[in-house]
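Data first, discussion second: the structure below is written as structure tokens.
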Amino acid sequence: MRALYRCLWLTRALEERLETIFKQGHVVGGLYRSLGQEATAVGCGYALAGGDWIAPSIRDLGALLARGLDPREVLRQYTARGSSLCAGKDNTNHFTVPELGILGPISPLGTQLCVLNGVALSFRTRREPRVCLTFQGEGASRTGTSHEGFAMAAALNLPIVVVIEHNRWAFGTPSTAVAAVEQWADVAGAYGVPAGTVDGNDVLQVYDAATQAIARARAGDGMTIIVAETYRMLGHAQHDAQKYVPEHELGEWLDHDPIRSFADYLLEFGFESESTLEDIRSEVALELDAATDEILAEGYPPAEEARSRVYGDSALDADVPWTRGPEPGYEGLTSGRPGSPASHRGGA
Ligand SMILES: Cc1ncc(C[n+]2csc(CCOP(=O)(O)OP(=O)(O)O)c2C)c(N)n1
């Protein structure tokens, strides 16, 4: 429970740190936070075993930290350092770390489940007792691709757990506007797999539900859907002031903060003392201070690496089928990728 608390606090503190350095101009690109939803990500990430795979959404930093991702990698990634997992070419969390079983998010919503189905199928084919877990916002779960993913996972009885994070908003669209179901777990009925609803802001409830679903998948009994009832306490990203959200709604969910509730529980039942929790928070702050100094001192990638790790390093001069050739009347103009036969092979 102490480790869970630390991970919850680390998630929030790291995101706060990212917000600070975003405002200082160090973050290159957008910043998406999981404020108020940390318990869902942390509880699920913690329930997986070594060798399992996880496919997070942008709100699941806590799951990656629970899997053992070094916070410094997160800072490197958001600040586009040359040393980052995507060598400065991605500014959020679209990275894959095979050693930690992390499959990077895929931006077109709903597609990730289909890809993870492939990973789960490979486990099955090799008779490995490994499990996949992925998250979807309720918005993502309404896409056509997502339905294909659910249907395939269910039909093939794949070892997979899908956590629908019902956080009430998909960007500016309320969840009531995209589905006629009252209970989001009812969607699972159509796929013929078990589904349960948990309080997504209660880390122990999430952990229990995820542990059971993972055990079921590992035993060969197939997919489970978990609906985590939670709330997105900030806008979609830093650029969104969420003016469309009724104020009373935010106020109600503020009383249901996942980290404060868990701390209250630990203190009330005597699992931890206030001073232990304070020590954890101080340790995390020190760790993040050192990490931020270290990463901000690292450089951006050298310019000559801009074209590497984009199309595949071995084929920098290869023709790219979707590259346009010269347009009639514009023959003198360079088109296509520099160095491709369509423009000036051997140049650039
Ligand atoms: C297919 C598709 N449509 C639209 C978008 C743009 N988009 C990115 S995130 C987002 C909202 C996602 O809402 P939800 O799935 O509920 O997750 P949440 O952001 O609430 O965690 C939208 C519309 C996209 N990435 N892919």
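The values are calculated or read from the model by the stated rules, or taken from the named source; none is laboratory data. Only a predicted model underlies this, so the values are computations on that prediction, with no experimental measurement involved. Here the Cβ is made from the backbone with ideal geometry for all residues, glycine too, and neighbour counts use every protein chain on show. Only protein heavy atoms, including side chains, enter the accessible area calculation; ligands, DNA and RNA are left aside. Shrake-Rupley method; radii C 1.70, N 1.55, O 1.52, S 1.80 Å.
Can you name every one of the helices (runs of 4 or more DSSP H) wholly within region 16-86 that holds 3 or more residues which are of a type in the set (D, E, K, R)?
71-78
One residue is enough: does region 192-204 have a residue meeting the conditions within 14 Å of the ligand (Cβ to nearest atom), assigned to a helix (DSSP H, G or I) and surrounded by fewer than 19 Cβ atoms within 10 Å (Cβ to Cβ)?
no
Pick from region 23-46 the residues that are among the hydrophobic types (A, V, I, L, M, F, W, C) and surrounded by fewer than 24 Cβ atoms within 10 Å (Cβ to Cβ): which of them is modelled with the lowest pLDDT?
V28
Can you tell me which residue in region 147-164 is nearest to the ligand (Cβ to nearest atom), limited to those that are buried (at least 22 other Cβ atoms within 10 Å of the Cβ) and assigned to a helix (DSSP H, G or I)?
Among those residues, the one meeting the criterion is G149.
Can we say A215 is open to solvent by 60 Å² or more (accessible area, probe 1.4 Å) and of a type in the set (A, V, I, L, M, F, W, C)? Working first, answer last.
Working: open to solvent by 60 Å² or more (accessible area, probe 1.4 Å): no; of a type in the set (A, V, I, L, M, F, W, C): yes.
Here the answer is no, as A215 does not meet what is asked.
Failed condition for W184, given (1) open to solvent by less than 20 Å² (accessible area, probe 1.4 Å); (2) within 24 Å of I102 (Cβ to Cβ); (3) within 16 Å of the ligand (Cβ to nearest atom), with all others met?
Here W184 clears every test but (2).
Specify the residue that is farthest from the ligand (Cβ to nearest atom); the eligible residues are those in region 126-143 that are of a type outside the set (D, E) and open to solvent by 50 Å² or more (accessible area, probe 1.4 Å).
R127
Taking the stated definitions as given, is I54 in contact with a helix residue (DSSP H, G or I) (Cβ under 8 Å, 6 or more places away or on another chain) and aliphatic (A, V, I, L, M)?
Yes, satisfied.
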